[in-house]
Amino acid sequence: MIIIMQSQAQEAEIQAVVERIERAGLTAHVSRGTERTLIGAVGDERQLSSEVFERLPGVEKAMHVVKPYRFVSREGHSNDTVIDIRGIKLGGGLPVQVIAGPCSVETQEQMDAAAEAVVAAGCRMMRGGAFKPRTSPYAFQGLGITGLEYFLHSARSRQLPIVTELMDVRMLDTFLEYDVDVIQIGARNMQNFDLLKEVGRVNKPVILKRGLSATISEWLMAAEYIAAGGNHNIIFCERGIRTFETAYRNVLDVTAIPVLKRETHLPVIVDPSHAGGKAWMVPALSCAAVAAGADGLLIEVHPNPCEAWCDADQALTPSQLSELMQQLRALGAALQRPLA
Ligand code: PEP
Ligand code: MN
């Protein structure tokens, strides 16, 4: 950490900062300039809080020099992390993986038809929510464990690893018992720190969606909660953020893709469905995501979108998904970012 003293700072104030640094077990390096004094705190600075120093008399500003997130940062981990999901690899410049499936699990027939569509389009993993975070408590909340059973029945017979949302820490053991392949932490739970700590203790891959209004730094710190528990199998998922714009559900933050790829070694995927909120926007947003360097996509598809119990407007039909996959293959070839 670097502490910049005010130009009028007294010697006693400088000494007070030095003592505070030494009390925390770090070494202080005082550098006296013509205008002002700078003090460097050398050691594990993550335990120091800049606010504490900024409260001290004579201090102008205190700044961290290392990232506050240790495990998810590229600092000290320059190679990209590749996540292995039942033998399917995600990240590290490997071919783009598309995960597709309905917003929510509804019936066995719906999941069978959706799984058929996922396979027919050439996607290698399937999504589907059995536990749904709905804005209204009166809306369909998901089938729960029965939904997990329908999902597994449709996906396992087709060798499709499954991605499904965990909302409540009390269901974690059930997810492990059912051998869910990828645990999704939804946008609304991005800062549910107790939930993050618990998924940090298991070794299942986790998709961490960006909170509705989360900054990149808050998102990285949320991932650090998972990583700090020992689970480094984390996949970031940009799914659109809240802005002043009301013409679409959320704004897909394409800028976040290269920024995250620079800040972290972990894979970054994009959910174009929850970003635009309309099926017709999904192809354009998917292409933008791949062009910007996303490692994968998470797309909603339903055998009969008009009948979907949740997020009907944004679900692709099976034929739209197949068409999109062809488009992405062509784009991928042009960009040397092939589809898996
Ligand atoms: C979902 O993936 O179905 C979902 C609810 O997404 P989000 O948490 O991004 O809103
Ligand atoms: Mn949805």
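Please report how many Lys pairs in the chain have alpha carbons closer than 26 angstrom, counting only residues at least 8 apart along the chain or sitting on separate chains.
17
Measure out, as a whole number of angstrom, how far apart the alpha-carbon centroids of region 1-28 and region 238-292 sit.
43
Give me Thr135, Thr174 ranked fewest to most by other Cβ atoms within 10 Å of their Cβ, as a rough exposure proxy. Could the numbers behind the result be given before it?
Numbers: Thr135 7, Thr174 16.
Fewest-to-most ranking of Thr135, Thr174: Thr135, Thr174.
For a footprinting-style exposure proxy, rank Ser136, Ser322, Ser154 by other Cβ within 10 Å, fewest first. Walk me through the numbers on the way to the answer.
Values: Ser136 7, Ser322 17, Ser154 25.
Final ranking by Cβ density, sparse to dense: Ser136, Ser322, Ser154.
Under 5 Å between amide H atoms, partner at least 5 residues away or on a different chain: which partners does Ile207 have, H built in plane at 1.01 Å?
Placed amide hydrogens put Ile183, Gln184, Ile185, Ile235 under 5 Å from Ile207.
What order, most packed first, do the peptides 240-246, 254-260 have when packing is the mean number of other Cβ atoms within 10 Å of each residue?
On the way: 240-246: 12.3, 254-260: 17.6.
Descending packing order for the listed peptides: 254-260, 240-246.
Cβ neighbours within 10 Å, averaged per peptide: list 295-304, 162-171 in order, most packed at the top.
Details: 295-304: 26.2, 162-171: 20.0.
Ranking, from highest mean packing down: 295-304, 162-171.
Once Rh for region 74-335 is found with the Kirkwood sum over Cα pairs, what is the Stokes-Einstein diffusion coefficient at 20 °C and 1.002 mPa s, in µm²/s? Write down the numbers at each step before the final one.
Values: Rh = 18.0 Å.
Taking Rh from Cα pairs, D becomes 119 µm²/s.
Simple spin-label model, 7 Å along Cα-to-Cβ: Ala340 to Ala228 in nm?
Result for the modelled spin labels: 3.0 nm.
Using a 4.7 Å Cβ cut-off, which Cys residues in the chain lack a partner cysteine?
When partners are defined as cysteine Cβ atoms under 4.7 Å apart, the chain leaves Cys123, Cys237, Cys287, Cys306 without one.
For Arg134, list long-range residues whose amide hydrogen, built 1.01 Å from N in the peptide plane, is under 5 Å from its own amide hydrogen.
none
Name the long-range amide H neighbours of Ile99: under 5 Å, sequence gap of 5 or more, or other chain; modelled H, no Pro or chain starts.
Answer set, sorted by chain and number: Leu297, Leu298, Ile299.
For region 54-65, what does the Karplus curve 6.51 cos²θ - 1.76 cosθ + 1.60, with θ = phi - 60°, yield as ³J(HN,Hα) per residue in whole Hz, taken in order and with x for Gly and Pro?
Result, rounded to whole Hz: 5, 7, 6, x, x, 8, 8, 7, 10, 10, 6, 9.
Read-outs: derived from the displayed coordinates by stated rules, not from any lab. This structure is a prediction, so every number in the text was calculated from the model and none was measured. Cβ coordinates were reconstructed from backbone atoms using ideal geometry, including for glycine residues, and neighbour counts include every protein chain displayed.
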